[in-house]
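The values are calculated or read from the model by the stated rules, or taken from the named source; none is laboratory data. The structure presented is a predicted model; accordingly, all values stated were derived computationally and were not measured. Every residue, glycine among them, receives a Cβ derived from its backbone with ideal geometry; neighbour counts consider all protein chains shown. We work out accessible area using only protein heavy atoms, side chains counted, and drop any ligands, DNA or RNA first. Shrake-Rupley method; radii C 1.70, N 1.55, O 1.52, S 1.80 Å.
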Amino acid sequence: MTHKDYLSAKEAVELLGIRMQTLYAYVSKGWIRSVKQPDTRQRLYLHEDVLRAKARSSARSGHGAVAASAMNWGEPIIPTSITEIRSDGPHYRGHSAVRLARGHASYEAVCELLWTGVWHDAPRRWETGITPRLQETLLESLAPPKSNSGLLEIMAIVTLRLGMSRGSVEDRMRGGHMHEAARQLIKTLAGCMGLVSRRRRFHAIADGASMAEGLLAALDLPANPANLQAMEAFLVLFADHELSPSTFAARVAASGGSTLHSCVASAICSSAGVHLGRMYDRIEDFLRSADDAAGLMRQARAQHERGASVPGFGHPLYPKGDERAELLIELARKRPRQKAALEQIHRFIDDVRGEFGLHPRHELGGIVLAMAMGVPRQSVGTLFTLARMAGWVAHVQEQRLSGMLLRPRAKFVGAAGEP
């Protein structure tokens, strides 16, 4: 069977070795997600959910622990007190990310909450301590990326160079200034967003500016109330999401005794892959591939008929909808002077929801809001990565305190060698 995102009921029961009634029971329990097929009573079943159910069954049958299942949206493998995933989205130290965003919380306050567990209502401005000479060193030989999506690799290089400027590895590991270094790093990398603006150059963010204000300035966008609210909500909603692949990469590096900057660089590189940060580019390309909602729906139906998912829809942890995406789309809809292209995208989202019963993912919500703001193309994934650094710092700190080396075991499945 060639790989497809969705399987028919017949394919699903054959793969699982169960009866049709058992498949329906798995769906009712939420173990396997299904989507409607237009003009028919039949449904399609998510392939990855079927494989996960098969792995769970194999483990119960005494075939050994199935680590791959746990590592792919499966059972928890690392204890954490940072972020809990609930049906209404992530909760940072017990605070709902969606409620924080609706309450106009600042990104800086959310960072401090994730890092210290303490909530501060008063806004705080971060200082960077980046001198002109240090800025020149950080950006030496770094030209604007050929495509905006290449900015992540540049940010990884800047991260390592900034870390090296703070002394030796030993000095940084015992210096006790992790939060100060994190604030400097995040605000410096925010200035790198200027490399994808119309000016195509680094923008040093002033110490008196908030992250939202600084990012708008770096991207050469007006700091009007709508843009400030949108940018702040984007950063707050994406500050952390438990154990994503990039966060896991940061924790693995931290467990090996790496510096904060090396851990963050590892996470950035993990985000630069085609299955993570570049997913934003694929969804954005899809949204821009047709002139109206009808054209997008024709492509969505074609995807569906091939057993492929519709780009930007269906998050495995939020089968009833991701409230982060809903809030971002809501903010985009409320903006005055809607562009015609955005109105068609809003109509397309409603059509997909009605015809297939699919809900938008957080990436789609972020892209729609970014398009409404005028964020440069192929740079939303980088903006998301910048927001996620808040969580990475918290996870690096927590992993260090655990004192545990992350070293999963592998199950050898190759051909047997000599006895």
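Over every pair of different alpha-carbon atoms in region 299-383, take the mean of 1/r and invert it; report that Kirkwood radius in Å.
Taking the inverse mean of 1/r over all distinct Cα pairs, region 299-383 comes out at 13.4 Å.
Over the heavy atoms of Phe313, what accessible area does a 1.4 Å probe trace out, to the nearest 10 Å²?
Looks like 10 Å² after rounding.
Say R0 is 35 Å: what FRET efficiency, to the nearest 0.05, do Ser87 and Ala143 get from their beta-carbon distance?
Once rounded, the FRET efficiency stands at 0.20.
Simple spin-label model, 7 Å along Cα-to-Cβ: Lys36 to Lys10 in nm?
2.4
Grab every C-alpha pair in region 91-154, bin the distances at 5 angstrom width from 0 up to the longest one, and report whole percents.
Percent of pairs per bin, in order: 4, 14, 17, 12, 10, 15, 16, 11, 2.
About the Cα centre of region 67-174, how large is the charge dipole given +1 on each Lys and Arg Cβ and -1 on each Asp and Glu Cβ? Please answer in debye to the nearest 20.
Its charge dipole is roughly 140 debye.
Using only alpha carbon pairs under 8 Å that are at least six residues apart, calculate the relative contact order of region 176-286 and give it in whole percent.
Here the relative contact order equals 16 percent.
Pairs of alpha-carbon atoms within less than 8 angstrom and 6+ residues apart define the contacts here; what relative contact order does the chain have, in percent?
19
What is the percent carbon and sulfur in the accessible area of the chain, measuring with a 1.4 Å probe over the protein chains and ignoring ligands?
The C+S portion of the solvent-accessible surface of the chain is 53 percent.
Which of the peptides 172-181, 277-286, 320-329 is most tightly packed, and how do the rest follow, going by the mean number of other Cβ atoms within 10 Å of each residue?
320-329, 277-286, 172-181
Could you check the simple spin-label distance between Ala25 and Leu405, using points 7 Å along Cα→Cβ, in nm with one decimal?
Using points 7 Å along Cα→Cβ, the separation is 4.4 nm.
Consider all pairwise Cα distances in the chain and report the whole-number % of them above 37 Å.
27
Based on the Cβ-Cβ distance of Thr131 and Arg199, what FRET efficiency does E = 1/(1 + (r/R0)^6) give at R0 = 25 Å, to the nearest 0.05?
Computed FRET efficiency for Thr131 and Arg199 comes out at 0.70.
As a test of reading the structure, rank Met20, Met164, Met297 by solvent-accessible area (1.4 Å probe, protein chains only), most first.
Met164, Met20, Met297
Give me the 1.4 Å probe accessible area per residue for the chain, excluding ligands and nucleic acids, in Å².
Dividing the accessible area of the chain by its residue count gives 47 Å².
How large is the dipole of region 248-311 about the Cα centre if only Lys and Arg carry +1 and Asp and Glu carry -1, each at its Cβ, rounded to the nearest 20 debye?
220
How many angstrom lie between the Cα centre of region 92-142 and the Cα centre of region 151-206?
Cα centroid of region 92-142 versus Cα centroid of region 151-206: 13 Å apart.
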